[in-house]
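The values are calculated or read from the model by the stated rules, or taken from the named source; none is laboratory data. All of these numbers come straight from a predicted model, not from anything done at the bench. Backbone-built Cβ (ideal geometry, glycine too); neighbour counts: all protein chains shown.
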Amino acid sequence: MMFCKKALMVWDVASTPPALFKLLPHAHGDWITGCVWTPNCVISSSNDGKLCLWDLEVGQHLKEISWKRPLLSVCSLEQYVMAGCSDGALHVWNWDTEMEICHIAAHKKQINHCSLLPNTDEEKDAKAEDMTVFTASDDGTVQLWKPFQVEHFSTFQGHSGAVHGVVLKEEGEFLSVSEDRSLRCWTWTTESPRSLRGAITALCFHQHDDMVLAGYESGLMELWQNHKVICHKQLTNSPIAAVCSMPNSQFAVSYLKTLLVDVWKLVWSKQRDTVSLVKVSTHKVSQPVVRLIYCSTLLGITHNATIIEPLRPKEDDTWSCQGTNWTDRVIIRGISHNDDKSIWLVGEEDSKITIGFMFVMGPSTLNYSCFSSLVMEREEEEEKKTESMMTAAAVDNEFVVCGDVKGNMWFNQPPQLSSWSNRKQAHSNRISELRLTKTIIVSASYDRTVKLWDRITREQVGMFVCGGPVLSLEVNPRNPTEVICADGEGKLYFLCWKE
């Protein structure tokens, strides 16, 4: 069945080619906005504010329900029909009695789509009155309702434009499509309440497999694969500060309130259908480790910019890297791999941008590693104009990008390493994370957005809106067009784009 303007058209798709079976040219007085099959008939909705019941076999109009505003979408279950209205309300009528059961002010703008969440529990005899309904709106959100109980379950925020449709993908997941030209996959089932987990405080991609590790301020660790949680474990009661993937399916975890770094291993069942987290070792440290990175050995960075090797044997008490002079002087704002044995660091010292490069030979060689640093000078007049604190930075070879607490972003201009652009307003709030790929600058902010910028033109080429301030962000090292980020509401987002 199709609808076009004011007409309903029924097609026989069993014939080749499909043939028009029935045409109802004046089904409504205004544009038809939706239609849904019931066991015995078809219900259509329209901008004329009417829901019409049709016997399509004979082309007969059976009943109608009228409302004072346009009805833009419709779904049905047994004797009940649900419709989304142009004023953002969700209405429920009993079709047999033509009586309105309830209406909910579900959105601040018009509802473009409503659909039922089917009962997937075969052992439970669900009643129609226990139905759950998705609503998608011009306000950029999808919401989940139990209309008979006037109960709101969830709001799914993230689209930067009107949401026009929702379709179920599989149990626990649905897809939404928006005029922001994105198709997004969401999940609404969780094994423990978000309020108990708190915010996500650490993220990393697994070194080799298509998996993501997410650590929470509650001390919970989750392992994600194909946008689903496949394993979780309460590692501690302390907030997780950092997580880092290591060889042999291992990963390291540090904590904000505990002077420990733990090494865990992913252990799969023989059938590889389940995985568990098993602790391999625990290592004491002298200060909390706030960053972890694996570069031929595990490196940890503390609040005062001391670089340590947490897995160094106990008999060796020399924790700090003697080749650096950043301790208590530099605030580290970014760290990234150069290759398997070297890393870039970028930080701030007395309002000056400082770049560090470290080459590490392997385990227990940190004291003999090569470390060099460079202070990137700026013109004094420019420094006086821009005294806002730097909050994020990233470096890739000779290119450096920085962000500040006011949402400004600025870059150096190679090959003149100390020649800088003016600060540009990139976000409306603090820039929390910056990452570089070969072609894109990725910025995340407390203004709830993640933005993509062309490295050559410096022009914005993409944007994603999250539900809360974006606190963490990582780029997939095996596929740089994929990003994970986490917001202050404890939500995890999987983003991708095409170049």
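Yes or no: region 222-235 includes at least one residue that is closer than 23 Å to Glu433 by Cα and among the acidic types (Asp, Glu).
yes
Anything in region 139-185 that is of a type in the set (Asp, Glu) and within 19 Å of Ala105 (Cβ to Cβ)? List them, or say none. Lay out the reasoning, then the answer.
Taking region 139-185 as the starting set, the residues that turn out to be of a type in the set (Asp, Glu) are 139, 151, 170-171, 173, 179-180.
Asp139, Glu151 - these are the residues of region 139-185 that are of a type in the set (Asp, Glu) and within 19 Å of Ala105 (Cβ to Cβ).
Is there any pair linking a residue in region 343-358 that is under 19 Å from Leu292 (Cβ atoms) to one that is modelled with pLDDT of 90 or more and small (Gly, Ala, Ser), with Cβ under 6 Å and at least six apart or on different chains, and which?
That search, which allows pairs on different chains as well, returns Trp344/Ser336; Leu345/Gly356; Val346/Gly334; Val346/Ala393.
For region 247-255, indicate whether the set of residues that are more than 20 Å from the chain's Cα centre (by Cα), aliphatic (A, V, I, L, M), surrounded by 14 or more Cβ atoms within 10 Å (Cβ to Cβ) and farther than 21 Å from Gly468 by Cα is non-empty.
Pass one, region 247-255, residues more than 20 Å from the chain's Cα centre (by Cα): 247-255.
Okay, now just the ones that are also aliphatic (A, V, I, L, M), so 252-253.
Now restrict to residues that are surrounded by 14 or more Cβ atoms within 10 Å (Cβ to Cβ): 252-253.
From the residues that got through so far, the ones that are farther than 21 Å from Gly468 by Cα too are 252-253.
Checked against the condition, which is being more than 20 Å from the chain's Cα centre (by Cα), aliphatic (A, V, I, L, M), surrounded by 14 or more Cβ atoms within 10 Å (Cβ to Cβ) and farther than 21 Å from Gly468 by Cα, region 247-255 yields at least one hit.
Looking at region 51-79, I want the residues that are under 25 Å from Gln110 (Cα atoms) and have a partner that is hydroxyl-bearing (Ser, Thr, Tyr) and part of a strand (DSSP E or B) with Cβ atoms under 6 Å, at least 6 apart or on another chain. Which pairs are those?
That search, which allows pairs on different chains as well, returns Leu51/Ser45; Cys52/Ser44; Leu71/Ser45; Leu72/Thr33; Val74/Ser45; Cys75/Ser115.
Restricting to strands (runs of 3 or more DSSP E) lying wholly in region 25-72: which have 1 or more residues that are more than 20 Å from Asp87 (Cβ to Cβ) and under 39 Å from the mean Cα position of the chain (by Cα)?
Here the list reads 32-37, 42-46.
Going residue by residue through region 191-198, is there one that turns out to be at pLDDT below 90, among the hydroxyl-bearing types (Ser, Thr, Tyr), within 25 Å of Pro477 (Cα to Cα) and not assigned by TED's automatic domain parsing to the domain that holds Val461?
No, because not a single residue in region 191-198 is at pLDDT below 90, among the hydroxyl-bearing types (Ser, Thr, Tyr), within 25 Å of Pro477 (Cα to Cα) and not assigned by TED's automatic domain parsing to the domain that holds Val461.
List the residue pairs whose Cβ atoms are under 7 Å apart, where the first residue sits in region 264-283 and is free of Cβ contacts under 8 Å to residues at least 24 places away in the same chain, the second is in a loop (DSSP other than H, G, I, E, B), and the two are 6 or more positions apart or on different chains.
Close Cβ pairs (under 7 Å, with a partner that is in a loop (DSSP other than H, G, I, E, B)) amount to Lys265/Ser249.
Report yes if Leu20 is part of a strand (DSSP E or B) and surrounded by 15 or more Cβ atoms within 10 Å (Cβ to Cβ), otherwise no.
Values: part of a strand (DSSP E or B): yes; surrounded by 15 or more Cβ atoms within 10 Å (Cβ to Cβ): no.
Answer is no for this residue.
Determine whether region 59-68 contains at least one residue that is modelled with pLDDT under 85, over 26 Å from Val167 (Cα atoms), surrounded by fewer than 16 Cβ atoms within 10 Å (Cβ to Cβ) and not polar (S, T, N, Q).
Checked region 59-68: at least one residue is modelled with pLDDT under 85, over 26 Å from Val167 (Cα atoms), surrounded by fewer than 16 Cβ atoms within 10 Å (Cβ to Cβ) and not polar (S, T, N, Q).
Hey, Val74 hits all of (1) in contact with a strand residue (DSSP E or B) (Cβ under 6 Å, 6 or more places away or on another chain); (2) β-branched (Val, Ile, Thr); (3) modelled with pLDDT under 90 but one; which does it fall short on?
Failing condition for Val74: (3).
Yes/no matrix, rows are residues, columns are (1) out of contact with any strand residue (DSSP E or B) (no Cβ under 7 Å at 6 or more places or on another chain); (2) within 27 Å of Asp273 (Cα to Cα):
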residue: Asp210; (1), (2): no, yes
residue: Leu220; (1), (2): no, yes
residue: Trp224; (1), (2): no, yes
residue: Thr236; (1), (2): no, yes
residue: Ala241; (1), (2): no, no
residue: Ser249; (1), (2): no, yes
residue: Ser254; (1), (2): no, no
residue: Thr258; (1), (2): yes, no
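Hey, could you check region 212-236 for residues that are assigned to a strand (DSSP E or B) and in contact with a helix residue (DSSP H, G or I) (Cβ under 7 Å, 6 or more places away or on another chain) and say which is farthest from Ala199 (Cα to Cα)?
Leu220
Consider Val142 against the criteria (1) hydrophobic (A, V, I, L, M, F, W, C); (2) under 19 Å from Gly468 (Cβ atoms); (3) without any contact (Cβ under 8 Å) to a residue 24 or more places away in the chain: it satisfies all of them except one. Which criterion is unmet?
(3)
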